[in-house]
Amino acid sequence: MMPKKLQVLYSFLIIPVMMVGCVSSTTKIDQSKLGKRIYIPKEQVSTYPSLAHKVEPASYRQWLAQGENYARVREYEQFLSRNHVAHIIPSFELLRSARDWQRCGRAEYAVPSRELWGNSLSTLRVFKALVAARILTDFEVTSVYRDLPLNQCAGGAGSSRHLFNSAIDFRIGPEYPQPQDYAFIEQSKFRLCQFWVQHGQSLDLGIGLYSSGQIHIDTQGYRTWGPDLTRHSSLCNF
């Protein structure tokens with residue numbers, strides 16, 4: 001039986017664009033805005049405009065050719081395909097370990113242990129909804145699964161959801177934004193906050209927004225935080 005918090009992802013997509021701000025997890029929220037049923041069109045998500053410009057890095061091709069990496073990646077991709085969350089994030093981004101991989105002396109890419117595969121599904125389904133609703137149209141995923149040594153070296157929390165393959169870090173827009181990019185980035189973050197207000201509680205959705213431009217999402221608790229790691233500095237709180 002699928003957990004109730006994920007059942008919302010298999011009915012009709014209702015993500016109205018409302019000019020309302022985001023609030024913190026401790027603020028009283030209009031219950032009429034929560035628990036709305038979300039439909040993700042299965043036939044329309046195999047190719048997204050956001051993936052059209054993405055180019056597979058040479059470093060990923062080299063890594064695939066090492067040892068059993070290719071076979072393990074294909075097995076993981078098939079698992080994701082059976083669960084209808086393939087082709088949303090390209091594998092060379094989905095398998096990125098952490099931005100600090102080189103400094104920490106670890107691999108740039110990593111396939112999580114098989115027992116952790118299922119942990120990714122609820123967060124990927126939310127990501128799929130965000131892309132299908134065009135809340136995220138230009139993004140780059142920068143970190144997903146991290147083993148314990150890498151997470152510690154990268155400064156991750158001891159209970160980081162990345163350790164369990166249930167979190168996704170990404171940024172919106174280019175790595176080095178130009179002045180003309182900021183309006184688009186802020187608008188995308190605003191719409192992401194709207195989604196959190198409307199659906200976050202029913203999805204156990206956590207969103208962290210950092211001053212570096214990195215955004216963290218997971219489905220392990222309804223909460224939001226910002227640069228100081230509290231809700232008070234979150235863009236979704238006012």
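The values are calculated or read from the model by the stated rules, or taken from the named source; none is laboratory data. Please read these numbers as outputs of a predicted model, since none were measured by experiment. In this analysis, Cβ positions are derived from the backbone assuming ideal geometry, glycine residues included, and neighbour counts consider all displayed protein chains. Heads up: the accessible areas ignore ligands, DNA and RNA and are worked out on the full protein's heavy atoms, side chains in. Shrake-Rupley method; radii C 1.70, N 1.55, O 1.52, S 1.80 Å.
Computed on alpha carbon atoms, what radius of gyration and Dmax characterise segment 120-167, expressed in Å?
Computed over the Cα atoms of segment 120-167, radius of gyration and Dmax are 12.6, 36 Å.
Dividing the Cα convex hull volume of segment 64-201 by residue count, how many Å³ per residue is that?
Details: hull volume 17.9 nm³, N = 138.
For segment 64-201, the hull spanned by Cα atoms encloses 130 Å³ per residue.
Under a point spin-label approximation (7 Å from Cα along Cα-to-Cβ), what is the Arg114-Cys153 distance to one decimal in nm?
2.7
Calculate, for segment 45-197, the solvent-accessible area per residue in square angstrom, rolling a 1.4 angstrom probe over the heavy atoms of the protein chains. Please list the in-between numbers first.
Details: 7170 Å² over 153 residues.
Result: 47 Å² per residue.
Report Rg/Rh for segment 137-224, rounded to two decimals, where Rg is the Cα radius of gyration and Rh the Kirkwood radius. Please list the in-between numbers first.
On the way: Rg = 13.7 Å, Rh = 13.8 Å.
Over the Cα atoms of segment 137-224, Rg/Rh equals 0.99.
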